[in-house]
Amino acid sequence: MFDLDGTLSDPKWGIIHSMQYALRKMGRVEIPDEADLLWVIGPPLRENLAKILGTSDKSVIEKTVAYYHERFSVEGLFENEIYPGVPELLARLKQEGFILYLATSKPHVYARHILERFNLINYFEKVYGSEFDGTFSDKAQLLAHLLAEEGEKTANSIMIGDRMHDIRGARLNRLPSAGATYGYGSRQELIEAGADFLINRPVELLDFVFMEC
């Protein structure tokens, strides 16, 4: 089970520019610069906006979410790069008979478009992601849904992600996990969240999965 942002691809510019766009549309005078927004890559969008806006007002948050999607759905979606070695990793896992799933907090519609754009979609059994209303944006809930839907096919599964949300979501669903240190979560974040294994490059995942098997 793979996370997308920070694990398979680097979505930095699309997410940050769309976040800045949404804040401008909301009339914010001081817009965080790129370096100050790196932390938003990974956690659910509404959680991020609540922190940035300093409010729990759902109407304000949802309006900002709409502005975010206004840009992301057109431009930000493809301001994205696949990490070196990812296509080769997925091809090897598929060749060895592993069943691959995508498990992302990003809306599944966007996630599918991204995988199709970079010719990765055929490696995956199914794409699991959130709905536009925020349903399944919590990684633990998303993984629980995936496990319930896929049943026995998910026996001996492993979750791979770059943020604490991925690792904690795995632990809550009694799944082993690999933390991708090349993404947006620090080694310390991944260790404290309880990652069973750390990988510094995508290819290192092979050592973990074959060891587990």
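The values are calculated or read from the model by the stated rules, or taken from the named source; none is laboratory data. Given the structure is predicted, the values throughout are model-derived calculations rather than measurements. As a convention, Cβ positions derive from the backbone with ideal geometry for all residues, glycine included, and neighbour counts pool all protein chains shown.
Couple of notes before you dig in:
- Candidates 143, 206, 175, 190, filtered to the one that is under 22 Å from residue 111 (Cα atoms) and among the hydrophobic types (A, V, I, L, M, F, W, C): 143
- Hey, residue 62 acidic (Asp, Glu), at pLDDT 95 or above, closer than 25 Å to residue 141 by Cα and assigned to a helix (DSSP H, G or I) or not: yes
- Neighbours by Cβ (under 8 Å, 6+ apart or cross-chain): first from the range 82-110, part of a helix (DSSP H, G or I) and β-branched (Val, Ile, Thr); second buried (at least 19 other Cβ atoms within 10 Å of the Cβ) and modelled with pLDDT of 95 or more: 86/8; 86/9; 86/120; 86/202; 109/129
- Of all residues in the range 114-127, those that are at pLDDT 95 or above have Cβ atoms under 7 Å from Cβ atoms of residues that are among the charged types (D, E, K, R), 6 or more apart or on another chain, in 121/112; 123/94; 127/112.
- Test: residue in the range 15-27 that is outside the structural domain of residue 139 (by TED's automatic domain parsing) and touching a strand residue (DSSP E or B) at 6+ places or on another chain (Cβ under 8 Å): yes
- Candidate set: the range 77-110, residues that are among the β-branched types (Val, Ile, Thr) and in contact with a strand residue (DSSP E or B) (Cβ under 7 Å, 6 or more places away or on another chain); chosen: the one farthest from residue 45 (Cα to Cα): 82
- Residues of the range 111-160 classified as part of a loop (DSSP other than H, G, I, E, B) and in contact with a strand residue (DSSP E or B) (Cβ under 6 Å, 6 or more places away or on another chain), total: 6
- Filter result for residue 166 (buried (at least 18 other Cβ atoms within 10 Å of the Cβ) and not in a loop (DSSP other than H, G, I, E, B)): yes
- A residue that is surrounded by fewer than 22 Cβ atoms within 10 Å (Cβ to Cβ) and under 20 Å from residue 11 (Cβ atoms) occurs somewhere in the range 138-154.
- When each of 32, 43 is tested for being in a loop (DSSP other than H, G, I, E, B), more than 20 Å from residue 134 (Cβ to Cβ) and outside the structural domain of residue 182 (by TED's automatic domain parsing), the lone residue that passes is 32.
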